[in-house]
1. At 7 Å along the Cα-to-beta-carbon direction for both ARG79 and VAL166, put a label point, then send me their distance in nm to one decimal.
2. Output the relative contact order of the stretch 36-87, whole-number percent, from Cα pairs under 8 angstrom with separation of 6+ residues.
3. What is the extension gain from TRP204 to ASP3, computed as 0.36 nm multiplied by their sequence separation minus the C-alpha to C-alpha distance, in nm to one decimal?
4. If we sort 17-28, 169-180 on the protection proxy, mean other Cβ atoms within 10 Å, highest first, what's the order?
5. In percent, what relative contact order does the chain have, based on Cα pairs under 8 Å that are 6 or more apart in sequence?
6. May I ask you to order 104-110, 86-92, 75-81 by the average number of other C-beta atoms within 10 Å around their residues, highest value first?
7. Starting from the exponent 0.38 and prefactor 2.2 Å, build the expected Rg for the chain from its residue count and divide its actual Cα Rg by it.
8. Would you work out the relative contact order for the stretch 130-207, in percent, from Cα pairs under 8 angstrom that are 6 or more residues apart?
Amino acid sequence: MGDLPRALGVATLETLYMTSVASVLVALAGLPLGVLLVVTDRGGLWPVPALNRVLGTLVNVGRSIPFIILMVAIVPLTRLLVGTTIGTTAAIVPLVVAAIPFMGRVVEQALREVDAGRVEAAVAMGSTPPRIILRVLLPEALPSLVRGAALVVISLLGYSAMAGAVGGGGLGDLAVKYGYMRFRVDVMWGCLAVLLVLVQLLQWLGERLASRFDHNGSPSPSPDHT
């Protein structure tokens, strides 16, 4: 470990790889999940209480499992999907599974903050549920969605460090193998500093994007003519 800056650079790239790929996959699964949690609820655009209860239960179970335990529990799934349980690519599987329920709740909360009057106006003008979701709910909730997504990505960054501690690579792996086990305090502090910088950058970026999308009003939804 004579070249600490280079080692930190490689570990940082591995962490960014895990976090970025997992973030995309979590968004692709978590956004529809959050929408379903809202529209299938009683009084929603497509009320299906039984489905809503099942989805809510799955989300609650997923959020209640500690990440380290989850990693071990889904080892067969990880091996099935990527052919191994060690390395940065393998770590993406538990990262995604752990964060999808969190993202689902984030999306749900953001959509529930939308003014009900706008949804009622769209319904009164004959808009279909898909149109209301795409033209009213998601645009109105966009600032909250962006802030929530930033929190999810930051959580994934923390999860990736934990994954690294058990063979997932990245900053967590570097901190444990070369910092903790070899009593290299400089390596430990270096990894911590990089993680702190990444978290601050993600938080700043999320706030900047959310402030750009934020608005105090939007045009009334157009009626559905299709």
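The values are calculated or read from the model by the stated rules, or taken from the named source; none is laboratory data. As the structure is a prediction and not an experimental result, all values here were calculated from the model. Cβ sites come from the backbone with ideal geometry, for glycine too, and all protein chains shown count toward neighbours. Protein only, heavy atoms only, side chains kept; ligands, DNA and RNA dropped before computing areas. Shrake-Rupley method; radii C 1.70, N 1.55, O 1.52, S 1.80 Å.
1. The modelled label-to-label distance comes out at 1.5 nm.
2. 18
3. Full extension of this stretch gives 69.3 nm more.
4. Details: 17-28: 19.4, 169-180: 22.9.
Most protected by this proxy first, the peptides run 169-180, 17-28.
5. Working: 276 pairs, mean separation 60.5, N = 226.
Over the chain, the number comes to 27 percent.
6. 104-110, 86-92, 75-81
7. This ratio for the chain stands at 1.19.
8. On the way: 54 pairs, mean separation 22.0, N = 78.
Over the stretch 130-207, the number comes to 28 percent.
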